Each structure stands twice: as C-alpha cells, then as structure tokens.
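Colleague: My questions all concern the structure below.
The values are calculated or read from the model by the stated rules, or taken from the named source; none is laboratory data. Just so we're clear, the structure is a prediction, and the values are computed from it rather than from any experiment. With ideal geometry, Cβ positions are generated from the backbone for all residues, glycine too; neighbour counts draw on all protein chains shown.
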Amino acid sequence: MWEIVIFILLALLAAGGGAAAVFMGMRTAALQLKLKEAEQVRELMARQLENATAQARQQLSAASQSSSQLVVQANQQVQHLTQEAQAREAVLVEREQEVDYYRAELEKRPKVTRKTYKVLTLGMKATGKTSLTLKWSNPLVDLGAIQGTKIERYERTVSQVASKDVTTEHVFEIGDWGGEHIVDAQQELITEEIHGLLMVVDLGGKDAKTVQPERIQEQLREFQPQSLKYFFSAKTVASCKTVVLFINKADLVPGTPAEAEAAARKLYAKLIDDLKEHEDKVDIRILVGSASYGHSTHHLFSHFVEKILPKNAYDNQLLQRLKSDGSPPRGGGGGGGGPKLPPVPPARSH
Ligand SMILES: Nc1nc2c(ncn2[C@@H]2O[C@H](COP(=O)(O)OP(=O)(O)OP(=O)(O)O)[C@@H](O)[C@H]2O)c(=O)[nH]1
Ligand SMILES: [Mg+2]
C-alpha cells in the first residue's frame, strides 16, 4: 500500500516537476522574446541617436561655413568702404589745393570796386524815353519790343581804371521812369543822389505821322516854371552835373535835320528859355533828335561822359569810343547842316 502511495507521490512529483519544467521553459521563451524586443528597441534608438548626431554635425558645419562667409563678406565691405573713403579724402585734398590756388590767384589780382553814376530819365508818356535810353546806353536793341514803362533800371559800364591794387569800374545807372509815374521820378530826384537828368519831350504822340501842336502844349504845361523848379532843388544841383532836354521824334518834321532842329527848338522855345534860367546852377544841354532813327542819340553818351565822369576815370577804350562818336555838340547843335534823315524804318538789330 505504502508503495502505491509512494509511487503515486513520486508520480505526482514527477508530473509536478514536468509541469514546472514546462512552465519554466515557457517563461524562458517569453523572457527571451522580451530581451529580443528590448535589443531591437535599443538598436533603433542607437540608430536614431546616430542620425540625430550626424544631422546636428551637418547643421553645425553649415552654420559655421555660412558664418565664416559672412565674416569674409563683411571684411570685403569694410575694405571697399575704406578704399572709397580714401579716394574721397584724396579728392577733398585736391579740391582744397585748388581752392587755395584760386584764392592765391585772386589775392594777386587787383580788387574791383564800382563807382556808380545815376542818370534819371523822365518825361510824359510815350515820348520815347525807353527807346532813347536803350539807344544810348545799349545801341544793339530791338525797338520793336518796347512797351510802356513803370521804372526800368539799366547799367552800362563806362570804363575800368586799374591802379596798383584796385580796379575801379565806372558804371552809369540809368533809371527810366514811365510817363505815368512822373511824380515818382521827381520823388527819386529829391531823395537820391542824381548825377544827370534827361528830360524827354516829343513832337507827336505814339503813332503820330506829323507834328502835333496840342501835344507839345501839353508838355509845355507839364514842365512850366512852377514844376521845373523841383528839378533844380539845392539837393539835386549839389550832385547833378547836367540836365539834358532831348526833343524827340524830330523825324516828324519834314526837311533836313538842321531845319527839323530849328523847328523843334522854336516849338519848345518857352521850355528852353525856362531851363536856361537855371544855367547858373547846373549845365543845361538841348538836343533835338530821333530815337527811332538814332539821330543825335549818340551825343547823349558822350555828353554824359564828358559832364559826369571824372577825368581820371577815362580808359583807352572809352577814349577810342568818344573819338569815333565825335565830340558832343557845343551849345546844343544837334545835327547842324547834315544830310536829310534817312527814310527807313527804325533799326531792329539784336
Ligand atoms: N516817330 C517816332 N516815334 C518814336 C520815336 N521814339 C519813340 N517813338 C515811338 O513812341 C512810342 C513810345 O516809345 P517809348 O520808348 O515806349 O516811350 P516811353 O516814353 O518810354 O513811354 P512810357 O514808358 O509809356 O512813358 C513807341 O511807339 C515808339 O516807337 C521817334 O524818334 N520817332
Ligand atoms: Mg518807357
């Protein structure tokens, strides 16, 4: 009986041992599987790590490459800018040298000063003041372009006289007042220092074809003795060297210039006499001519030069010019017994 029990027990033990062995075997297999899986995961992670490291290395090297490129570019730019600054500095130095050179040249030259002599032109509207002014102060002028004037100022350099270190430029400044502004012209006469006065009257209006006595009367009234005395105030005669009465539009009188002059002087005899009343205070000159034809106009320049310009202000060019113009008429002889006025329209040269 005991043997049976022992046998059974042994059998049970054997069976239990087998089962345990089976169990252990299964357990081992499961563990081996887990181990394999774990190894696979480890390998995967190792590969990923490797990839990530390689990528990071690549990025690092790219970054370091581009930063060194930037450094190179920056260096090049700095070099370029430095060269440019050097070039500019060289130009600047050159310019400074030029300035110094010209300054030194200027220092060597005599200084230029200006002496201005004022000539005032006045008269009633459309008597030909502007035509006349442009004729004697600048003969190359287109008279076709002239319109009514308020005030025009022209300058004409008359001469240049050089002394040791100063060149003096002598200049005529001509104020040409429009006929409608005769009061303003008188005002300037009173307030400014005037060296010459040019009174312009005419023998006919704007488009006159013959002498117009009523217009002449109007101008005689304008310049009656009461008004004339304003032109000869103490202030004016202190600086004014000459007063010229220019009787314009002599071309409206038929005949020779001598006949035209005689007729014009007769028509304006009253004004001429009234002006001569002041001859003791200032030089009075009467001229008869035509701004359109240039008759007697050149006498104005030589007359103003002779009366206004100091003798030490003449230069060679001016002397030549005066010589070719002929000396100004004495005692008011405009054309003398010269040829008849040319039957041609006014010059229109530029
Ligand atoms: N026949 C003739 N006409 C002249 C002469 N001089 C000027 N004129 C004419 O007269 C008109 C007036 O001439 P301007 O020179 O403008 O006269 P102005 O005195 O300056 O005129 P305002 O400035 O308006 O006072 C123009 O039509 C001229 O062509 C001249 O000698 N003979
Ligand atoms: Mg005018």
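Here's the yes/no breakdown for (1) within 16 Å of ligand 2 (Cβ to nearest atom); (2) assigned to a strand (DSSP E or B); (3) over 30 Å from residue 230 (Cα atoms):
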site	(1), (2), (3)
96	no, no, yes
104	no, no, yes
113	no, yes, yes
117	no, yes, no
124	yes, no, no
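Colleague: Is there any pair with a first residue in segment 167-178 that is farther than 14 Å from residue 317 by Cβ and in the same structural domain as residue 316 (by TED's automatic domain parsing) and a second that is within 16 Å of ligand 2 (Cβ to nearest atom) and aromatic (Phe, Trp, Tyr) whose Cβ atoms are under 6 Å apart and which are 6 or more apart or on different chains, and what are they?
Modeller: Close Cβ pairs (under 6 Å, with a partner that is within 16 Å of ligand 2 (Cβ to nearest atom) and aromatic (Phe, Trp, Tyr)) amount to 174/154.
Colleague: Among the listed residues 243, 171, 158, 166, which satisfies the condition of being within 27 Å of residue 282 (Cβ to Cβ), among the aliphatic types (A, V, I, L, M) and touching a Lys or Arg at 6+ places or on another chain (Cβ under 7 Å)?
Modeller: Working: 243 fails: touching a Lys or Arg at 6+ places or on another chain (Cβ under 7 Å); 158 fails: touching a Lys or Arg at 6+ places or on another chain (Cβ under 7 Å); 166 fails: within 27 Å of residue 282 (Cβ to Cβ).
Going through 243, 171, 158, 166 in turn, the sole match is 171.
Colleague: Can you find even one residue in segment 227-236 that is among the β-branched types (Val, Ile, Thr), under 22 Å from residue 131 (Cβ atoms) and buried (at least 20 other Cβ atoms within 10 Å of the Cβ)?
Modeller: Within segment 227-236, not a single residue is among the β-branched types (Val, Ile, Thr), under 22 Å from residue 131 (Cβ atoms) and buried (at least 20 other Cβ atoms within 10 Å of the Cβ).
Colleague: Let me ask you something else. Going by the conditions given, is residue 241 farther than 19 Å from residue 178 by Cβ, modelled with pLDDT of 95 or more, charged (D, E, K, R) and touching a helix residue (DSSP H, G or I) at 6+ places or on another chain (Cβ under 7 Å)?
Modeller: yes
Colleague: May I ask you to list the residues in segment 307-320 that are under 13 Å from residue 240 (Cα atoms) and in a helix (DSSP H, G or I)?
Modeller: 307, 308
Colleague: To continue, here is another question. Which one of these does residue 184 not meet: (1) in contact (Cβ under 8 Å) with a residue 40 or more places away in the chain; (2) in contact with a Phe, Trp or Tyr (Cβ under 9 Å, 6 or more places away or on another chain)?
Modeller: (1)
Colleague: Within segment 190-222, how many residues turn out to be within 18 Å of residue 249 (Cα to Cα) and not in a helix (DSSP H, G or I)?
Modeller: Of the residues in that region, 15 qualify.
Colleague: Show the residue pairs that are 6+ apart or on different chains and have beta-carbon atoms under 9 Å apart, the first residue being within segment 298-321 and without any contact (Cβ under 8 Å) to a residue 60 or more places away in the chain, the second being assigned to a helix (DSSP H, G or I) and among the β-branched types (Val, Ile, Thr).
Modeller: Taking only residues 6 or more apart or on different chains, the pairs are 321/305.
Colleague: All but one of (1) at pLDDT 90 or above; (2) more than 30 Å from residue 166 (Cβ to Cβ); (3) touching a strand residue (DSSP E or B) at 6+ places or on another chain (Cβ under 7 Å) hold for residue 283; which doesn't?
Modeller: The failed condition is (2).
Colleague: Okay, moving on. For segment 160-207, which residues satisfy the criterion of being β-branched (Val, Ile, Thr) and touching a helix residue (DSSP H, G or I) at 6+ places or on another chain (Cβ under 8 Å)?
Modeller: Taking segment 160-207 and keeping what is β-branched (Val, Ile, Thr), we get 161, 166-168, 171, 174, 182-183, 190-191, 194, 200-201.
Once the filter is applied, which keeps residues that are β-branched (Val, Ile, Thr) and touching a helix residue (DSSP H, G or I) at 6+ places or on another chain (Cβ under 8 Å), segment 160-207 yields 161, 168, 174, 182, 190, 194, 200, 201.
Colleague: Same structure again: With respect to residue 218, determine if the residue is among the acidic types (Asp, Glu) and within 14 Å of ligand 1 (Cβ to nearest atom).
Modeller: Taking the combined requirement at face value, the residue satisfies it.
Colleague: Looking at (1) away from ligand 1 (no atom under 16 Å from the Cβ); (2) part of a loop (DSSP other than H, G, I, E, B); (3) under 26 Å from residue 299 (Cβ atoms), can you tell me which one residue 161 breaks?
Modeller: (2)
Colleague: Restricting to segment 154-200, and then to whatever is within 14 Å of ligand 2 (Cβ to nearest atom) and β-branched (Val, Ile, Thr), can you tell me which residue is modelled with the highest pLDDT?
Modeller: Within segment 154-200, the match that is modelled with the highest pLDDT is 200.
Colleague: If you don't mind, there's one more thing I want to ask. Given the conditions (1) within 16 Å of ligand 2 (Cβ to nearest atom); (2) within 41 Å of the chain's Cα centre (by Cα); (3) within 13 Å of residue 123 (Cβ to Cβ), report the number of the one that residue 207 does not fulfil.
Modeller: The failed condition is (3).
Colleague: Let me spell it out: the conditions are (1) surrounded by 10 or more Cβ atoms within 10 Å (Cβ to Cβ); (2) within 28 Å of the chain's Cα centre (by Cα); (3) modelled with pLDDT under 90, and residue 144 meets all of them except one. Which number is the exception?
Modeller: Here residue 144 meets the rest and fails (1).
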